[in-house]
Structures are given as structure tokens and as C-alpha cells.
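Quick note: the coordinates plus some simple rules give every number you see, no bench work behind them. What you see is a predicted model; the values in this text were computed from it and never measured. Methodologically, a virtual Cβ is constructed for each residue, glycine included, from the backbone with ideal geometry; neighbour enumeration extends over all protein chains shown.
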Amino acid sequence: MSLSDPLGDMLTRIRNAQRARHAACIAPASKLRANVLEALRREGYIRGYAQEEVRKGIAQLRIELKYLDGEPVIKEIHRVSKPGRRVYSKIKELPRVYAGLGVSILSTPRGVLSDAEARAANVGGEVLCRVF
């Protein structure tokens, strides 16, 4: 099955798994997805992730979801830049998610970074998603 938005598919799998109170979810692997998951792990929204090989040449990501007192840590996760409408932001115009309580994930020339890391590195880029 061909997907037009693989990153959006992964975010939806995370959203659905947390609503169903699953401990983990699985998504097809790619470098972009792994980098976004690494940014989410650094910011404390997921426990971790691991890449598993299903068969030769086909891999998947096992995402360990995080809960705090039985409630999901991720309350909202939305795709911002979509295949039909790319959203780019300069560092000075980068919006704060819920006045700094949430995080934007950006694809920058220095890799996939959270908005705080991008501000520290003074780089802008494509706003991939926002998490609260």
C-alpha cells in the first residue's frame, strides 16, 4: 500500500495507540521517522523506540509509549507541514506551542530538532509536527 504522507501515518498510529492505552505501537521504518522519534524521546514524550527487521530489506519501528499516572504524556500530536502544503519557518517567526508547554519538531539543515534546540542552534526549517 502506498502512502502519500508516511510521517502523518506514524503520528496517527501513535495517537490511536495512546487513546487505546497500548504500551507500544509499530510503524514502518525510515530515516525521517526515526529522527522524529529521537526528537520526541529527547523531549520526553515517548519512552523510546527500536528498529526491528521484519525480513531482509523491510524494517519497522517499535515505539514505546509513555504514560504518567495512567494518562498519556502526549495529549495532542498534529502534522503541520503536509505534502500538499509545506510550512517553513524562520527562527524568529517560529511559533511557540501552548506558550512553550508544547514542542514543534523541525527539519533543519542540522537535522531534525525540537523548537528549543533549533532556537539554540539559530536555524529554521520545515515545521513537521507539533506535540503537546
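Miscellaneous remarks
- Spatial separation of Cα centroids for segment 95-121 and segment 43-58, in angstrom: 22 Å
- In loop segments of segment 19-107 as defined by DSSP, the GluC sites (Glu not before Pro) with at most 14 further C-beta atoms inside 10 Å of their C-beta are E76.
- Across K56, K92, K66, mean-square fluctuation computed from a Gaussian network of the chain (C-alpha pairs under 10 Å connected) peaks at K56.
- Computed 3J(HN,Hα) for segment 78-83, one whole-Hz value per residue from the Karplus formula 6.51 cos²θ - 1.76 cosθ + 1.60 where θ = phi - 60°, is 10, 7, 9, 8, 10, x, glycine and proline marked x.
- Cα gyration tensor shape of the chain, rounded if a/c is under 1.5, else prolate or oblate by comparing a/b with b/c: oblate
- Over segment 14-94, relative contact order from alpha-carbon pairs under 8 Å, at least 6 apart, %: 29 percent
- Sequence-distant residues sharing a close amide H with K82 (under 5 Å, placed H): V87
- Farthest positive-ward along segment 6-131 dipole, Cα basis, beta-carbon charges - from H22, V103, P83: P83
- Helix-only mean residue ellipticity at 222 nm for the chain, each DSSP H run of n ≥ 4 adding -39500 (n - 2.57), per residue, nearest 500: -8000 deg cm²/dmol
- Considering only K75, K31, K90, the Gaussian network model of the chain with Cα springs below 10 Å gives its largest mean-square fluctuation to K31.
- Zone residues, segment 91-132, relative to K82, backbone N less than 17 Å from point 7 Å out along Cα-to-Cβ: 127-131
- Neighbour net charge for D115 - beta-carbon separation under 11 angstrom, K R +1, D E -1: +1
- Most fluctuating residue given options A99, A29, A116, as computed from a GNM of the chain linking Cα atoms under 10 Å: A99
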